Each structure stands twice: as structure tokens, then as C-alpha cells.
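Trainee: Have a look at this one before I ask anything.
The values are calculated or read from the model by the stated rules, or taken from the named source; none is laboratory data. Since this is a predicted model, take the numbers as computed values, not measurements. In this analysis, Cβ positions are derived from the backbone assuming ideal geometry, glycine residues included, and neighbour counts consider all displayed protein chains. In case anyone asks, the SASA skips ligands and DNA or RNA and just uses the protein heavy atoms, side chains included. Shrake-Rupley method; radii C 1.70, N 1.55, O 1.52, S 1.80 Å.
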Amino acid sequence: MIKRKKDGCVSIFVIGCILLNLIGKLFAQYFQLPLWLDSLGTALSAYALGPVCGAIVGVSVNVIYGLLYSGMYMIYGVISALLGVIIGICAKKGYLDYLFGVLSVSFFLTILSIAAGTTLNYIFFGGTISNVWGDGIREYLSQSGWNPLLSHIIGEFYMEFADKVVTLFVLYVIVQLG
């Protein structure tokens with residue numbers, strides 16, 4: 001009986017994390033924020049339940065979003081899964097228990113997201129970032145004579161860095177308060 005109760009609580013937590021990711025993504029999209037806001041649930045589940053659960057939560061939001069809007073967006077589940085795994089591993093090693101670790105992991109996740117996101121954007125979306133802020137920077141730099149790939153990387157950095165810092169800082173605050 002106790003195990004069932006615990007399993008039920010874990011299930012509700014995981015569903016809540018998936019909804020948090022989806023609501024964050026839709027909120028950022030609706031208000032055209034320079035953030036994705038689709039990883040806090042992934043980070044929470046990876047921190048609390050480990051890397052595998054973090055990966056599952058991360059992929060789930062991309063599948064749901066893909067079903068609602070366009071199946072092409074499901075491919076970004078690869079990035080979300082990597083984030084969940086890395087956050088889960090870093091949490092187990094204690095890197096997210098202090099601010100310097102949080103910022104260091106944020107930067108590492110930013111670099112990973114830029115590399116994977118830029119590649120996927122070129123393969124599936126002709127190089128667009130799919131956010132008005134990131135695409136605006138990419139277009140401005142391209143029109144100013146910058147190399148198109150470098151313009152894309154900088155536009156992607158603009159989106160990813162703020163998103164990863166905000167996500168892991170909010171996780172840090174939640175953990176410190178909890």
C-alpha cells in the first residue's frame with residue numbers, strides 16, 4: 001500500500017513536470033519572450049528522480065508539442081533528453097548545490113544546446129531558430145555581413161544562455177527553499 005502511494009506521488013510529480021514544461025513553452029511563445037521556458041520541469045524531475053526520468057520528461061513535452069503543432073518539433077526531444085540526463089548526473093554529483101556549480105552547468109548546457117540546436121535548425125528548418133528574438137539577431141548579423149553560420153550561432157546563444165541560466169537558477173532557488 002505504501003509503495004502504491006509513493007508511486008502515485010511520483011506519477012503526479014512527473015505529470016506536473018511535463019505540464020510545467022509545456023505551459024512554460026506556450027507562455028514564452030505567446031508572449032514572444034527571448035527564452036524557451038520548456039526545461040524547468042525537466043530540471044526538477046532530473047534533480048529529484050534522476051537522469052532517466054529527466055530525459056523522459058524532456059522528451060515528453062516535445063512529443064506533446066509536436067502532436068499539437070507540427071511533428072517536426074519532436075526532433076528537439078533529443079536536446080531535451082540530453083538536458084535531463086546531464087542535469088540528473090550533475091545533481092547526483094552535487095554540482096547544483098551551490099551557485100557556481102549552477103552557473104557552470106548552465107554554461108555547459110548552453111554550449112550543448114547551441115551545437116545540437118544549430119545542427120537541427122539547419123537540417124529541419126533551413127537555419128531558422130523559430131523565435132522572433134533569436135531569428136532577429138541572426139537576420140541582423142547576416143544583413144550586416146556576418147557569416148551566416150556564425151550569425152545563427154550567436155542568435156542561438158542569445159536564446160539558450162538566458163534560458164539555461166534562468167532554468168537552473170530557478171531550480172537552485174526551489175532546492176534551497178525546499
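Trainee: Using the structure shown, decide if Y65 is more than 26 Å from L149 (Cβ to Cβ), of a type in the set (F, W, Y) and without any contact (Cβ under 8 Å) to a residue 12 or more places away in the chain.
Mentor: Here the answer is no, as Y65 does not meet what is asked.
Trainee: For S130, all conditions in the list (1) of a type in the set (S, T, N, Q); (2) assigned to a helix (DSSP H, G or I); (3) open to solvent by 40 Å² or more (accessible area, probe 1.4 Å) hold save one; what is the number of the exception?
Mentor: Here S130 meets the rest and fails (2).
Trainee: Here is a further query. Among the numbered criteria (1) surrounded by fewer than 20 Cβ atoms within 10 Å (Cβ to Cβ); (2) of a type in the set (F, W, Y); (3) touching a helix residue (DSSP H, G or I) at 6+ places or on another chain (Cβ under 6 Å), which one does Y30 miss?
Mentor: Here Y30 meets the rest and fails (3).
Trainee: Residue by residue through region 1-24, note down the ones that are in contact (Cβ under 8 Å) with a residue 40 or more places away in the chain and either surrounded by fewer than 22 Cβ atoms within 10 Å (Cβ to Cβ) or among the polar types (S, T, N, Q) (or both).
Mentor: Keep residues of region 1-24 that are in contact (Cβ under 8 Å) with a residue 40 or more places away in the chain, which gives 14, 17-18, 21-22.
Residues satisfying the conditions are V14, I18, N21, L22.
Trainee: Do any residues in region 134-163 that are open to solvent by less than 40 Å² (accessible area, probe 1.4 Å) have Cβ atoms under 6 Å from those of residues that are among the small types (G, A, S) and not in a helix (DSSP H, G or I), where the two are at least six apart or on different chains, and which pairs are they?
Mentor: Sorted first by the residue in region 134-163, then by its partner, the pairs are H152/G127.
Trainee: Among the listed residues L49, L68, L103, L96, which satisfies the condition of being surrounded by fewer than 17 Cβ atoms within 10 Å (Cβ to Cβ) and at pLDDT 95 or above?
Mentor: On the way: L49 fails: surrounded by fewer than 17 Cβ atoms within 10 Å (Cβ to Cβ); L68 fails: at pLDDT 95 or above; L96 fails: surrounded by fewer than 17 Cβ atoms within 10 Å (Cβ to Cβ).
After applying the criteria, what remains is L103.
Trainee: So, in region 1-54, exactly how many residues are hydrophobic (A, V, I, L, M, F, W, C), over 11 Å from the mean Cα position of the chain (by Cα) and not in a helix (DSSP H, G or I)?
Mentor: Total satisfying the criteria: 3.
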